[in-house]
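What follows is a set of notes on a single structure, which appears directly below.
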Amino acid sequence: MDYYLFQQINGLAGRWAWLDYFGIFTASYLQYFVAAALLAFLALGNTKQEKIKNRVMVVLAFASALVARFGFASPIYEFFMRLRPFAAHAATQLIAYDAARSSFPSGHASFFFALAAAIYLFEKGVYLEPSAQGKLHRRNSYWFFAAALIISFARVFVGVHYPGDILAGTLIGIFSGWLVWNLFNLYQNKKAR
């Protein structure tokens, strides 16, 4: 099933130049725009309290992403080797990638879904009141989830991941965001006592 889904998605590569360019951009370069968008929150906020909240959110998001990528995904690479799709099958490979590196789980999916999950949980926890500002802030996480989904899907499209790699990375990412958020809450509760 995993290979079948890969064939359906990757089979669209190489047909239309505009789609290939879009796939290459989203698989390789969109990540920098996502990171820049998150870093922009460091400068946002109308009050000192909002600026502090935004900075905490950025730190938690990046901490979650690093835990997902280097705390969970990287160790799995050491114990579970899965050849990249372009190395194991006939595939349309649109970006250069090291065939010797394991494709399971997706490091990009784990990183960006952890980022999005941490932002979502932070915004949900900080803006509990049903105010217009709270709703506005919670919408930010949806953009980060959408970006994580697009980046992950593009990694299959360009031929460097199977959908199963993406699913595993997504689960790792969401778990990491949840874990870091809960550890942060434990720290806050201990500090408040």
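VAL56 fails exactly one of the following numbered conditions: (1) within 23 Å of GLY164 (Cα to Cα); (2) touching a residue at least 24 places away in the same chain (Cβ under 8 Å). What is the number of that condition?
Single failed check for VAL56: (1).
Within region 72-130, which residues are at pLDDT below 80, of a type in the set (A, V, I, L, M) and under 29 Å from VAL59 (Cβ atoms)?
Matches in region 72-130: VAL126, LEU128.
In region 64-86, which residue that is small (Gly, Ala, Ser) and surrounded by fewer than 19 Cβ atoms within 10 Å (Cβ to Cβ) is farthest from ASN140 (Cα to Cα)?
Keep residues of region 64-86 that are small (Gly, Ala, Ser), which gives 64-65, 68, 71, 73-74.
Narrowing further to those that are surrounded by fewer than 19 Cβ atoms within 10 Å (Cβ to Cβ): 71, 74.
On the way: GLY71: 26, SER74: 28 Å.
Step by step, filter region 64-86, then rank; the result is SER74.
When region 161-180 is examined, which residues are found to be surrounded by fewer than 24 Cβ atoms within 10 Å (Cβ to Cβ) and touching a Pro at 6+ places or on another chain (Cβ under 6 Å)?
ALA168, the sole residue that qualifies.
Regarding ASN46, is this residue more than 14 Å from the chain's Cα centre (by Cα) and touching a residue at least 12 places away in the same chain (Cβ under 8 Å)? Before you say what the answer is, go through the steps one by one.
Numbers: more than 14 Å from the chain's Cα centre (by Cα): yes; touching a residue at least 12 places away in the same chain (Cβ under 8 Å): no.
Against the criterion (more than 14 Å from the chain's Cα centre (by Cα) and touching a residue at least 12 places away in the same chain (Cβ under 8 Å)), ASN46 does not qualify.
Could you grab me the full set of residues in region 15-64 that are of a type in the set (S, T, N, Q) and within 23 Å of GLY107 (Cβ to Cβ)? Reasoning before the result, please.
The first filter runs over region 15-64 and keeps only residues of a type in the set (S, T, N, Q), leaving 26, 28, 31, 46-47, 49, 54, 64.
THR26, SER28, GLN31, SER64 - these are the residues of region 15-64 that are of a type in the set (S, T, N, Q) and within 23 Å of GLY107 (Cβ to Cβ).
Could you tell me whether any residue of region 60-67 is among the β-branched types (Val, Ile, Thr) and within 21 Å of THR170 (Cβ to Cβ)?
Of region 60-67, the ones among the β-branched types (Val, Ile, Thr) are 67.
Subsequent filtering for residues that are within 21 Å of THR170 (Cβ to Cβ) retains 67.
Scanning region 60-67, I find at least one residue that is among the β-branched types (Val, Ile, Thr) and within 21 Å of THR170 (Cβ to Cβ), so the answer is yes.
What number of residues in region 157-170 are aliphatic (A, V, I, L, M) and either touching an Asp or Glu at 6+ places or on another chain (Cβ under 8 Å) or not in a helix (DSSP H, G or I) (or both)? Full working, then the answer.
Within region 157-170, the first condition is being aliphatic (A, V, I, L, M), and the residues that meet it are 158, 160, 166-168.
Checking which are either touching an Asp or Glu at 6+ places or on another chain (Cβ under 8 Å) or not in a helix (DSSP H, G or I) (or both) leaves us with 158, 160.
Number satisfying all stated conditions: 2.
Determine the pairs where a residue that is touching a residue at least 12 places away in the same chain (Cβ under 8 Å) and at positive phi, located within region 10-22, has a partner that is surrounded by 13 or more Cβ atoms within 10 Å (Cβ to Cβ) and part of a helix (DSSP H, G or I) with Cβ atoms under 7 Å apart, the partner being 6 or more residues away or on another chain.
Hits for this filter: GLY14/ASP20.
What is the one condition in (1) in contact with a Leu (Cβ under 7 Å, 6 or more places away or on another chain); (2) at pLDDT 90 or above; (3) farther than 22 Å from GLU123 by Cα that GLY159 does not satisfy?
(2)
I need a count of the residues in region 9-43 that are surrounded by 13 or more Cβ atoms within 10 Å (Cβ to Cβ) and in a loop (DSSP other than H, G, I, E, B).
3
Just to be sure before I move on: is TYR97 in a loop (DSSP other than H, G, I, E, B) and among the aromatic types (Phe, Trp, Tyr) in the structure I sent?
Details: in a loop (DSSP other than H, G, I, E, B): yes; among the aromatic types (Phe, Trp, Tyr): yes.
For TYR97, the condition - in a loop (DSSP other than H, G, I, E, B) and among the aromatic types (Phe, Trp, Tyr) - is met.
The values are calculated or read from the model by the stated rules, or taken from the named source; none is laboratory data. In this text the structure is predicted, and so the values were computed from the model without any measurement. All Cβ positions, even for glycine, are placed from backbone atoms using ideal geometry, and neighbour counts span all protein chains on display.
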